[in-house]
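Here's the structure we're looking at; comments come further down.
The values are calculated or read from the model by the stated rules, or taken from the named source; none is laboratory data. From a predicted model like this one, the values you see are computed outputs, not experimental measurements. No Cβ is skipped: glycine too gets one built from the backbone with ideal geometry, and neighbour counts run over all protein chains shown.
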């Protein structure tokens, strides 16, 4: 049985200096039991020095400075209901005061033409993005696309000449105990690296249904958000995103989005500018039954895909596309992996009978809805 971490005062914080995306997330992250991953290569000892690796990979890492326009504080109308605010502003033609705030983050180049990966919470709402390359060159960047649910974003600069680009590792074969190197822009100090190991896989920190973080002990801090996590071959095995800390700074528990997920999301952002996911339109909950685990349908969106497909509140989904589902997150991921309009076959337990239903999935809203 999974156990909860006991340090409840701690919170998960994004490793950006601008704002706390993950503040307020559940403080206790569940330990996840995962199947073993088999790797054909033998375990590697720590290198005598990471310097050769750093020299190879650091030119692919960038510092990111952002400017964002936000509502100014002390607005005399801010305490009034939104509708009253709107009426008064229209009547007196008073615009809400605004101010600019700045922040820093990190990123890494994935294409010599200037495509750069970072966290969505770093650049997603920025009005100005400036990238500093390894040689000190500063270039203005534009947002190609961002995905809030996985916190992945793609930006683009237009360099005068091709840039050095990082390559992807396969995070699916990364093991707990593997050495990793985190690179980025902590506290806006500029290019920095830190070393550690993968401490755990499959961490769910309560941010979205797609949480599947690598936990690392390489120190990362505010400003590291969006920076790459390299394996000992110099390939990107993850993207540094959050820390678990009572102070907001590193205590040796950091989280990186696995490269397998980042690269897939980046591919969609590059081709479409957005990520489209399948959607059931139902409130889901894990349930236990004498006949096994499943996913309960707690409620349905009126005239949503699940309702149109014949699902009812109280049903328990036990398989999706012939794959057993034992948690609502597993079902969400299966459905989300389908393009809107595609069909998913569900085996549903209803009053001790198993029914086979086919549901045409909808387009998932960019929210936490299921």
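Restricting 143, 163 to those that are more than 17 Å from residue 226 (Cα to Cα), modelled with pLDDT of 95 or more and either in the same structural domain as residue 100 (by TED's automatic domain parsing) or not in a strand (DSSP E or B) (or both) reduces the list to 163. In the set (1) closer than 27 Å to residue 180 by Cβ; (2) outside the structural domain of residue 175 (by TED's automatic domain parsing), residue 247 fails one condition alone, (2). For region 139-172, name all the residues that are loosely packed, with under 15 Cβ neighbours inside 10 Å and over 19 Å from residue 57 (Cα atoms). 140, 142, 158, 160, 172, listed by residue number. From the list 226, 252, 196, 190, the lone residue that is in a loop (DSSP other than H, G, I, E, B), at pLDDT 95 or above and under 21 Å from residue 54 (Cα atoms) is 226.
Might you let me know whether region 344-359 holds any residue that is closer than 23 Å to residue 149 by Cα, surrounded by fewer than 17 Cβ atoms within 10 Å (Cβ to Cβ) and not assigned by TED's automatic domain parsing to the domain that holds residue 261? No, every residue in region 344-359 fails to be closer than 23 Å to residue 149 by Cα, surrounded by fewer than 17 Cβ atoms within 10 Å (Cβ to Cβ) and not assigned by TED's automatic domain parsing to the domain that holds residue 261.
The number of residues in region 270-296 being crowded, with 17+ Cβ neighbours inside 10 Å and touching a helix residue (DSSP H, G or I) at 6+ places or on another chain (Cβ under 7 Å) comes to 9.
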